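A.B. asks: Provided herewith is a single structure, encoded as structure tokens, for subsequent inquiry.
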Amino acid sequence: MTKPKYISEIIFRDELNDDSYLNALPMVKHLKEKGSVPLDSDITFFVGENGTGKSTLLEAIAVAYGFNAEGGSRNFNFSTNATHSELFKHLTLAKRGYAKDGYFLRAESLYNVATNIEELDSVPSFDPPVIEGYGGVSLHHQSHGESFLSIVQHRFFGNGLYILDEPEAALSPMRLLTL
């Protein structure tokens, strides 16, 4: 088994406020109880029932690593509605190296990422336009699954940290195999 390249452990370091909804999430309860979660391979899947806190934990990991809470690379800094949890403030990520590439992509905020790309391209300050790095076709002019896969195929360069939240929500069974 290979050791993870970028994050080797997720450490819970502070107590949450007693009235925080995060205390009720099974993923957070587990993390608080254990103190940390080691990541033992290059690819990690978080699986479980709806409402267990998987997305909340992935979001916290992404934000703690420096990604925008709504998605994108570390260069994205837009916000449509700052509703992300405070969990990232209570985590320390034990890192083994620095990822030269990376992306946080969540199925429900793909629309916001696509909109931000179009907003960036509406100001002629990027040459080539940002959309060229995503296959050259507006992500809004593709189906949800096509635009999700377009980001993966055109923006994931390898040797990076890619945090995907519910990719199966956007992709058909055949496109999941492509992923």
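A.B. asks: Condition check: of a type in the set (Asp, Glu) and either within 17 Å of the chain's Cα centre (by Cα) or assigned to a strand (DSSP E or B) (or both). Does ASP42 satisfy that?
C.D. replies: Judged against the criteria, ASP42 is a match.
A.B. asks: Considering each of LEU110, LEU93, LEU120 in turn, give the residue that is of a type outside the set (Val, Ile, Thr) and under 28 Å from PHE12 (Cα atoms).
C.D. replies: After applying the criteria, what remains is LEU93.
A.B. asks: Can you tell which of GLY158, GLY71, GLY145 is open to solvent by less than 40 Å² (accessible area, probe 1.4 Å) and closer than 27 Å to LEU25 by Cα?
C.D. replies: When all the criteria are applied, what remains is GLY71.
A.B. asks: For LEU87, work out the one condition from (1) open to solvent by 60 Å² or more (accessible area, probe 1.4 Å); (2) touching a residue at least 40 places away in the same chain (Cβ under 8 Å) it doesn't fulfil.
C.D. replies: So the condition that LEU87 fails would be (1).
A.B. asks: Turning to a different aspect of this structure: Please work out which residue is surrounded by the fewest Cβ atoms within 10 Å (Cβ to Cβ), limiting yourself to region 111-135 and to residues that are modelled with pLDDT of 90 or more and not in a helix (DSSP H, G or I).
C.D. replies: Here the residue is PRO128.
A.B. asks: Among the residues of region 15-24, is any in contact with a helix residue (DSSP H, G or I) (Cβ under 8 Å, 6 or more places away or on another chain), farther than 21 Å from ARG106 by Cβ and either of a type in the set (Lys, Arg) or open to solvent by less than 50 Å² (accessible area, probe 1.4 Å) (or both)?
C.D. replies: yes
A.B. asks: Quick one: is THR52 surrounded by 16 or more Cβ atoms within 10 Å (Cβ to Cβ) and β-branched (Val, Ile, Thr)?
C.D. replies: Here the answer is yes, as THR52 does meet what is asked.
A.B. asks: Quick check: anything in region 98-110 buried (at least 16 other Cβ atoms within 10 Å of the Cβ), over 14 Å from GLY72 (Cβ atoms) and out of contact with any helix residue (DSSP H, G or I) (no Cβ under 7 Å at 6 or more places or on another chain)?
C.D. replies: Yes, region 98-110 contains at least one residue that is buried (at least 16 other Cβ atoms within 10 Å of the Cβ), over 14 Å from GLY72 (Cβ atoms) and out of contact with any helix residue (DSSP H, G or I) (no Cβ under 7 Å at 6 or more places or on another chain).
A.B. asks: Now for a separate question. Hey, can you tell me all the residues within region 110-152 that are aliphatic (A, V, I, L, M) and without any contact (Cβ under 8 Å) to a residue 12 or more places away in the chain?
C.D. replies: Selection gives LEU120, VAL123.
A.B. asks: So which residues in region 161-178 are of a type outside the set (Val, Ile, Thr), farther than 15 Å from VAL113 by Cβ and surrounded by fewer than 16 Cβ atoms within 10 Å (Cβ to Cβ)?
C.D. replies: GLU168, SER172, PRO173, MET174, LEU176, LEU177
The values are calculated or read from the model by the stated rules, or taken from the named source; none is laboratory data. Owing to the predicted nature of the structure, the values given are computational and were not obtained by experimental measurement. As a convention, Cβ positions derive from the backbone with ideal geometry for all residues, glycine included, and neighbour counts pool all protein chains shown. Side chains included, ligands, DNA and RNA excluded: accessible areas come from the protein's heavy atoms. Shrake-Rupley method; radii C 1.70, N 1.55, O 1.52, S 1.80 Å.
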